[in-house]
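S.K.: One structure follows; several queries about it will come next.
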Amino acid sequence: MSGAINDDSYEIEVLVEKAREAQKLAYAPYSNFKVGASLLTVDGNVFTGSNVENTTYGLSICAERVVAAKAVSEGYRDFKVLVVVGDSDEPITPCGACRQFLLEFDPKMTVVMVGKEKRKEMTVAELLPHYFLRKEKNNE
Ligand code: THU
């Protein structure tokens, strides 16, 4: 590992570390399943997020949507990589709602899915085949 910031493997390791930090901040008293996410924008900014649950279970928000909303609401919409970490045996994979939510910003974005030991990497488009996307350009 060279340690250069543009070295892809180094970049991913830093993002995994940041997602693990965010995972500790998850609010998950109902499922007890803490999830962390980190998001690298094309211009090198990193955002983090975690799942936030609610006593009305359906209002709970996944870490992926939290981190994407944080970035978009700060003015960043061009995403490069999203890392999601959980303590599952298999790599944690975004739910259907999160796949559609992330697709909005870039179907080609890489999603690195991390479990206790294993990892998997796919684009959003690969995670959501035959997707629906109607992106208006007048607000960009
Ligand atoms: N969860 C995430 O935050 N991301 C995923 O990719 C899968 C599931 C959350 C939702 C809920 O708070 C908890 O994990 C258990 O499903």
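S.K.: If you take every residue apart from Lys116 with its C-beta less than 14 Å away from the C-beta of Lys116, what net charge results, scoring Lys and Arg +1 and Asp and Glu -1? Each step should come with its number before you reach the end.
M.R.: Values: positive: Arg20, Lys34, Lys118, Arg119, Lys120; negative: Asp87, Asp89, Glu90, Glu117.
The answer is +1.
S.K.: Let me ask something else. Of all DSSP beta bridges in the chain, what percent run antiparallel (nearest 5)?
M.R.: Working: 17 of 23 bridges.
Around 75 percent of the beta bridges assigned by DSSP in the chain are antiparallel ones.
S.K.: Using the Karplus curve 6.51 cos²θ - 1.76 cosθ + 1.60 with θ = phi - 60°, what ³J(HN,Hα) values do you get for each residue of the stretch 48-58, in whole Hz, with x for Gly and Pro?
M.R.: Per-residue couplings from phi come out as 10, x, 9, 6, 10, 9, 9, 4, 8, 3, x Hz.
S.K.: If the only charges are +1 at each Lys and Arg Cβ and -1 at each Asp and Glu Cβ, what is the size of the charge dipole of the stretch 3-127 around the Cα centre, to the nearest 20 debye?
M.R.: Charge dipole, the stretch 3-127, about its Cα centre: 320 debye, nearest 20.
S.K.: Take Lys70 and Asp8, extend 7 Å from each Cα along the Cα→Cβ direction, and tell me the distance between the two endpoints in nm.
M.R.: 2.5
S.K.: In µm²/s, what is D for the stretch 3-127 at 25 °C and 0.890 mPa s, where D = kT/(6 pi eta Rh) by Stokes-Einstein and Rh is the Kirkwood radius from Cα pairs?
M.R.: Answer, rounded: 173 µm²/s.
S.K.: Can you tell me the length gained on complete extension of the stretch Tyr30 to Asn54, counting 0.36 nm per residue apart and subtracting the Cα distance? Don't skip to the end; give the middle numbers.
M.R.: Values: separation 24, 0.36 × 24 = 8.64 nm, distance 0.78 nm.
Full extension from Tyr30 to Asn54 adds 7.9 nm.
S.K.: Under 20 Å from the Cα of Lys108, which aspartates and glutamates turn up, not counting those fewer than eight places away in the same chain?
M.R.: Asp7, Asp8, Glu11, Asp43, Glu64, Asp78, Glu121, Glu126, Glu136, Glu140
S.K.: Which helices, counted as full DSSP H runs in the chain, have an axial Cα extent of no less than 30 Å and a Kyte-Doolittle average of 0.0 or above?
M.R.: Answer set is empty.
S.K.: Identify, among Val16, Val35, Leu133, the residue whose Cα sits farthest towards the positive end of the charge dipole of the chain, taking +1 on the Cβ of Lys and Arg and -1 on the Cβ of Asp and Glu, with the dipole about the Cα centre.
M.R.: Value: Leu133.
Each value in this text was obtained by applying a stated rule to the coordinates, not by laboratory testing. Everything quoted here is computed from the prediction, not taken from an experiment. Cβ: placed from backbone, ideal geometry, glycine included. Neighbour counts: every protein chain shown.
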